Amino acid sequence: MILEAAMLQVKPGLEEEYEKAFREASKIISSMKGYKSHELQQCMEVKGKYLLLVKWETLEDHTVGFRQSKEYQEWKRQLHHFYEPFPTVEHFERISL
């Protein structure tokens, strides 16, 4: 399993509208092959800053299965206009301790 982490900065004044749109767009990502779970965290120190965490079965489930799908085009349409700057997305894997 991998963890996708995206730091999101929403344009000022659009936070409430963004959260509503994100709730709706959540239906898209949660329907994808390899999807396990996701959560959106709001930063306490910086207004409009969010952290999106998504668990996927494999890296390819996100980078190929989701990102190259028609569903991703709808995800982009619903959410990407809120971001400034465009988010950085990174992937992590658990290490054994």
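The values are calculated or read from the model by the stated rules, or taken from the named source; none is laboratory data. Note that the coordinates shown come from a computational prediction; the quantities given were computed from them, not determined experimentally. As a convention, Cβ positions derive from the backbone with ideal geometry for all residues, glycine included, and neighbour counts pool all protein chains shown. To get the accessible areas, we keep the full protein, side chains included, count just its heavy atoms, and leave off ligands, DNA and RNA. Shrake-Rupley method; radii C 1.70, N 1.55, O 1.52, S 1.80 Å.
Observations
- Heavy-atom accessible surface of the chain: percent carbon and sulfur, 1.4 Å: 53 percent
- A dipole drawn for the chain from +1 and -1 charges on Cβ atoms has a positive end, and of Ser69, Leu51, Ala25 the residue lying farthest that way is Ser69.
- Accessible area expressed per residue, the range 17-64, with surrounding protein chains retained (probe 1.4 Å, Å²): 62 Å²
- Around the Cα centre of the chain, unit charges on the Cβ atoms of Lys, Arg, Asp and Glu (plus for the first two, minus for the last two) sum to a dipole of about 180 debye.
- The phi-based Karplus calculation (6.51 cos²θ - 1.76 cosθ + 1.60; θ = phi - 60°) puts the 3J(HN,Hα) values of the range 80-97 at 5, 6, 7, 8, 7, x, 5, x, 8, 10, 10, 10, 10, 10, 5, 10, 7, 10 Hz, whole numbers, x for Gly and Pro.
- Hypothetical label at Glu15: residues of the range 48-91 whose amide nitrogen lies under 17 Å (7 Å Cα-Cβ projection): 48-52, 82-85
- Answer label for volume of the Cα convex hull per residue in Å³ (calculated), chosen among [x] 91; [y] 112; [z] 99: [z]
- With Cα atoms, 0 to 90° folded angle of helix 15-29 axis to the chain main axis: 20 degrees
- Label-point separation, His91 to Thr63 (7 Å along Cα→Cβ), nm: 0.4 nm
- Sites listed here are GluC sites (Glu not before Pro) in the range 4-77 whose DSSP assignment is loop and whose Cβ has at most 14 other Cβ atoms within 10 Å: Glu45, Glu57.
- Estimated distance in nm for a label pair at Gln42 and Arg77, the labels positioned 7 Å out from Cα along Cα-to-Cβ: 2.8 nm
- Helix 70-79 axis, angle to the chain major axis (alpha carbon atoms, nearest 10°): 30 degrees
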